[in-house]
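Below you'll find the structure, written out as structure tokens, and then a few comments.
The values are calculated or read from the model by the stated rules, or taken from the named source; none is laboratory data. Please read all numbers here as calculations on a predicted model, not as lab measurements. FYI the Cβ positions are ideal-geometry reconstructions off the backbone, even for glycines, and counts take in every protein chain you see. Please note that ligands, DNA and RNA were not included when accessible areas were found on the heavy atoms of the full protein model with its side chains. Shrake-Rupley method; radii C 1.70, N 1.55, O 1.52, S 1.80 Å.
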Amino acid sequence: MAKAPKIDPQTIARILSEALPHMQQYDEETVVVKYGGHAMGEEQMARDFARDIVLLEQTAINPVVVHGGGPQIAAMLKKLGIKSEFVDGLRITDKDTVEIVEMVLAGSINKPIVGYINAAGGRAIGLCGKDGNMVQAQKVTRTVTDPGSNIEKIVDLGFVGEPDKVDTKILSEVIGRELIPVLAPLATSANGGTFNVNADTFAGAIAGALKAKRLLLLTDVPGVLDKDKNLITELSVADARRLIADGTISGGMIPKVETCIYALEQGVQGVVIIDGKMQHAVLLELFTNQGTGTLIHK
């Protein structure tokens with residue numbers, strides 16, 4: 001984790017003063033923060049993140065945290081001797097696997113984050129998309145091409161879903177009342193079952209439904225990089241689509257950027273992909289002139 005340099009009190013006071021217009025910009029606005037599995041790291045990093053989220057709430061911002069948990073799920077499945085396969089970055093989730101996914105996401109990850117926020121002086125509530133039918137999803141399938149025969153086939157991903165409907169009633173009751181919702185990316189099916197949802201996609205759907213001022217995607221990379229591996233600090237939707245088309249944006253960054261575009265189309269004002277391992281990354285993005293990561297906007 002990148003350590004912030006030690007600074008003198010006068011510099012701290014100047015930084016706080018310079019943060020004022022940024023705080024005013026986000027006054028009473030909703031900011032959705034996707035806290036990625038790889039960005040979570042060790043306990044102290046999680047506690048630092050929780051403290052920053054409490055600071056947002058104390059400055060009249062309405063933070064909503066959506067967390068991932070891929071590495072933690074993988075570790076638990078390995079411990080239990082359950083093998084996983086992936087298609088296009090999505091875990092094939094059978095009945096046994098979805099039970100473990102739900103246990104890890106809604107329990108062993110969600111509740112410690114809630115605890116860290118509460119310990120830092122906040123009032124967090126742990127929820128998932130199943131609560132109150134907040135997020136209803138549809139089953140996801142993927143088409144892959146066999147490299148030998150060049151024949152396309154449909155792969156059944158099991159209990160993997162994509163958000164179809166978002167009901168913000170519960171969140172509307174929580175947001176703005178000094179409460180911080182912490183959401184696990186699980187959704188309900190039409191018949192009341194459980195779907196595992198990609199955390200980026202889940203966060204984008206939540207942010208879009210809430211018309212959030214910002215969606216912050218905390219990940220394990222600095223942001224979108226150009227072909228020379230330099231950080232691109234700002235992109236329009238048109239720029240992002242062009243960079244996907246020419247191959248500059250590739251691999252796992254494509255679905256992240258597509259989530260950004262979707263959220264913007266749903267009414268989010270700006271989406272930022274930032275390195276969640278950087279100390280105080282959320283505060284740097286929201287409260288400083290320089291910001292961090294890649295801002296994507298219309």
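Can you give the % of DSSP beta bridges in the chain that are antiparallel, to the nearest 5?
On the way: 19 of 49 bridges.
Beta bridges within the chain, antiparallel portion: roughly 40 percent.
Of interest is the spacing of the C-alpha centroids, which for the range 82-140 and the range 220-260 amounts to 27 Å.
Rolling a 1.4 angstrom probe over the protein heavy atoms, how many square angstrom per residue are accessible across the chain?
Values: 14600 Å² over 298 residues.
The answer is 49 Å² per residue.
So if R0 is 30 Å, what FRET efficiency would Thr233 and Met45 give, r being the distance between their Cβ atoms, rounded to the nearest 0.05? Once the sixth-power term is evaluated, E becomes 0.80. Distance cut-off 27 Å, Cα to Cα: go down the list Lys95/Lys211; Lys165/Lys256; Lys78/Lys139; Lys83/Lys169; Lys79/Lys153 and report the pairs above it. Beyond 27 Å: Lys95/Lys211; Lys83/Lys169; Lys79/Lys153.
Convex hull volume per residue, computed on the Cα atoms of the range 36-140, equals 120 Å³. In the range 145-298, the DSSP beta bridges split such that about 45 percent are antiparallel, to the nearest 5.
To the nearest 0.05, how large is the calculated FRET efficiency for Asn133 and Ala19 if R₀ is 41 Å and r is the Cβ-Cβ distance? If you can, show how the numbers build up before the last one.
Values: r = 38 Å, r/R0 = 0.94.
Calculated transfer efficiency: 0.60.
The charge dipole of the range 95-175, taken about its Cα centre with unit charges on the Cβ atoms of Lys, Arg (+1), Asp and Glu (-1) only, comes to about 240 debye.
With respect to the chain, whose longest principal axis is taken over its alpha-carbon atoms, helix 253-265 is tilted by about 70°. Compared with the dominant principal axis of the Cα atoms in the chain, helix 110-119 is inclined by about 10°. Expressed as a whole percent, the accessible area of the range 94-186 that falls on carbon and sulfur atoms is 48 (1.4 Å probe). Between the Cα long axis of helix 43-58 and the first principal axis of the chain there is an angle of about 60°, rounded to the nearest 10. Only beta bridges with both residues in the range 28-166 are counted; by DSSP, about 65 percent of them are antiparallel.
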